[in-house]
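**Student:** Here it is: the structure, laid out below.
Each value in this text was obtained by applying a stated rule to the coordinates, not by laboratory testing. All values derive from a computational prediction rather than experimental measurement. Using ideal geometry, Cβ is built from the backbone for each residue, glycine included, and neighbour counts are taken over all protein chains shown.
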Ligand code: CUK
Ligand code: CUA
């Protein structure tokens, strides 16, 4: 395997080449002309101007999601989800703990694939879903408030990897792959030797309720997935169809496969009660193994990785990884495949050779595809219809351009490229290695998200963007599709449980500042206070040593951006309270005497003075 080393010299050679050859006036003129003709779009967004796209970036093993502005590549916000966040109090506040649910004790996550809900194949601005490979979870962001509002732990699987949404007629389902095969049931009775009961499951989640709809058992494991634009089929790549338990075994056979799932067939089987349950839970598991009428298995070269649907809805493209090819599957032929009129391989309409290590493909809506070549450290632009002609024996060159990227690219994504609104403006390539592209920050380097202008015939690299561990994947959504609120509305379900608690305590959150001791459990104290810049409704309150204290702050400010914080010094307690929100946090008052609390979000000229005292009686 080539390393980044061999590619890193290229840019330097180029630079030295220019320096070494003094330019004549004529050369300057022709260069200027060429540049005018092919001038790349500028990624510069001037001060005071806004980006054209919301980018939703996976935060990888940081466990969060980030909002980037595209094309400026400025990080606009972080949305904590599977991680713990000191600034917002995610994982510390009662509201976030409620949402984190049964996985609240996990302090880590590994997010990979963010995808927005759609209506008729277009982003609808409602939700962004993402997987946590590390703890087999799927989380959802509400795009009106840009906060995580649901997290679901997927049963019966280990390592939820590829994730997508149903694109049409609307996102009824979120689908995701169980990657690692495990014994069914995984109850410690089967031992390590007998792998005959090991299975992977395809997971279908109700997008609105965020509950499991059903699961489909498959042969082999699953890697990445995507949906068609008709609401009929999903497709997943499989590496390790051998069900090997080590590298050698996993690479034994020349072919793995793409699994095609028929949604109608699955729903019919579910309705007819043709399912089993496992591991003591009641999630229906359908049998989609080879020979079942729920699925079809299309053999492709071994260990495919990315699975991408072209935006006009005609093709599923499975990226070769170990093979220098991608396999183009005709979605129009899938009806015949399920009717057993054709063989699985008959659905393949092209298998173009692109270069070494094809991982993921995206599209410009003009018939071109852009595939990352991990080993070659390149993006290759190729034409899908020309690749089909070449597969049929015509002499056409389907490769349009190869562009060096820096270095070792994984996912790439075009602006709106996974929807029918692919607009062919920007391509972001998420490079795993950045080496010499930034100031050296020590042995651990950032990733490099490269922005490429794809409006012209040639791809033009216009920006290097360092990012922290590790954006596997991203999407770019036109700003017209997303309309977040500017301040909270008081009836928001995000803090509804806290509002209900206050009601039980007879507290009006909008005006009361009260300390309430639980009648049944006198060690529990609830401290309700308002905040208006630069003061809290309570300057002080008293509790007893060992009390379990819940502080509830309601921010009465209605001015956009006047967020307050609440931090109890020396207690590990902090959170944000944005305008018109209520946030709460619970801790043990385990230190006697005076304990200052303060506002830790800069809100006012007298922000430093926004503080008060908790007195803890010994
Ligand atoms: S996977 Cu990371 S490069 Cu999780 Cu989408 Cu391909
Ligand atoms: Cu309120 Cu700072």
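**Student:** Could you list 238, 567 in order of exposure, starting from the residue whose Cβ has the fewest other Cβ atoms within 10 Å?
**Tutor:** Neighbour counts put them in this order, fewest first: 567, 238.
**Student:** In the stretch 158-225, how does Rg compare with the Kirkwood Rh, expressed as the Rg/Rh ratio over alpha carbon atoms?
**Tutor:** 1.06
**Student:** Tilt of helix 25-37 relative to the longest C-alpha principal axis of the chain, in degrees (0 to 90, nearest 10)?
**Tutor:** 70 degrees
**Student:** Ratio of Rg to Rh for the stretch 311-461, alpha carbon only, Kirkwood? Don't skip to the end; give the middle numbers.
**Tutor:** Values: Rg = 16.5 Å, Rh = 16.1 Å.
Using only Cα positions, Rg/Rh for the stretch 311-461 is 1.03.
**Student:** Write down, largest first, the equivalent ellipsoid semi-axes of the stretch 467-587 in whole Å, where each equals the square root of 5 times an eigenvalue of the alpha-carbon gyration tensor.
**Tutor:** Its equivalent ellipsoid spans semi-axes of 31, 18, 15 Å.
**Student:** Ok, one more. Taking every eigenvalue of the Cα gyration tensor of the stretch 499-543, multiplying by 5 and rooting it, what semi-axes result, largest first, whole Å?
**Tutor:** Value: 20, 14, 6 Å, ordered largest first.
**Student:** Arrange the peptides 277-289, 508-520, 443-455 so that the one whose residues have, on average, the most other Cβ atoms within 10 Å appears first.
**Tutor:** Answer by packing, highest mean first, reads 443-455, 277-289, 508-520.
**Student:** Now a separate question. Looking only at the chain, where both bridge partners belong to it, what percent of the DSSP beta bridges are antiparallel (to the nearest 5)? Please list the in-between numbers first.
**Tutor:** Working: 142 of 158 bridges.
In the chain, DSSP labels about 90 percent of beta bridges as antiparallel.
**Student:** Another one. Dividing the alpha-carbon Rg of the chain by 2.2 N^0.38 Å yields what?
**Tutor:** 1.07
**Student:** Roughly how tilted is helix 5-20, in degrees to the nearest 10 and between 0 and 90, from the longest Cα axis of the chain?
**Tutor:** Rounded to the nearest ten degrees, it is 80.
**Student:** Could you give me the percent of Cα pairs per 10 Å distance bin for the stretch 541-618, shortest bin first, beginning at zero and ending with the bin that holds the maximum distance?
**Tutor:** Spelled out per bin, shortest first, that is 20, 49, 26, 6, 0.
**Student:** For the chain, what is the mean residue ellipticity at 222 nm derived from helices alone (per DSSP H run of n ≥ 4: -39500 (n - 2.57); sum divided by total residues; nearest 500 deg cm²/dmol)?
**Tutor:** -3000 deg cm²/dmol
**Student:** Report the percentage of all Cα-Cα pairs in the stretch 385-463 whose separation exceeds 21 Å, rounded to a whole percent. Don't jump to the answer; show the numbers that get you there.
**Tutor:** Numbers: 1370 of 3081 pairs.
The answer is 44 percent, as a whole percent.
**Student:** If the stretch 218-279 were replaced by its equivalent ellipsoid, with semi-axes equal to the square roots of 5 times the Cα gyration tensor eigenvalues, what would those be, largest first, whole Å?
**Tutor:** With the √(5λ) rule applied to the stretch 218-279, the semi-axes are 27, 17, 8 Å.
**Student:** For the stretch 366-415 and the stretch 75-144, what is the separation of their C-alpha centers, rounded to whole Å?
**Tutor:** What the calculation gives is 32 Å, centre to centre.
**Student:** Which order do peptides 388-397, 80-89, 103-112 fall in by mean Cβ count within 10 Å, highest first?
**Tutor:** Values: 388-397: 12.3, 80-89: 21.9, 103-112: 18.8.
Per-residue Cβ counts within 10 Å, averaged per peptide and sorted highest first, yield 80-89, 103-112, 388-397.
**Student:** Tell me, how many Å apart are the Cα centres for the stretch 543-573 and for the stretch 276-298?
**Tutor:** 48 Å
**Student:** Cα convex hull of the stretch 40-138: how many Å³ per residue?
**Tutor:** 138 Å³
**Student:** Order by neighbour count: 335, 521, fewest other Cβ atoms within 10 Å first, most last.
**Tutor:** Sorted ascending by nearby Cβ count, the order is 521, 335.
**Student:** Counting other beta carbons within 10 Å of each Cβ, put 192, 575 in order, fewest first.
**Tutor:** Ranked by crowding around the Cβ, least crowded first: 192, 575.
**Student:** Would you mind putting 254-264, 122-132 in packing order, based on average other-beta-carbon counts within 10 Å, highest first?
**Tutor:** The packing order, highest mean first, is 122-132, 254-264.
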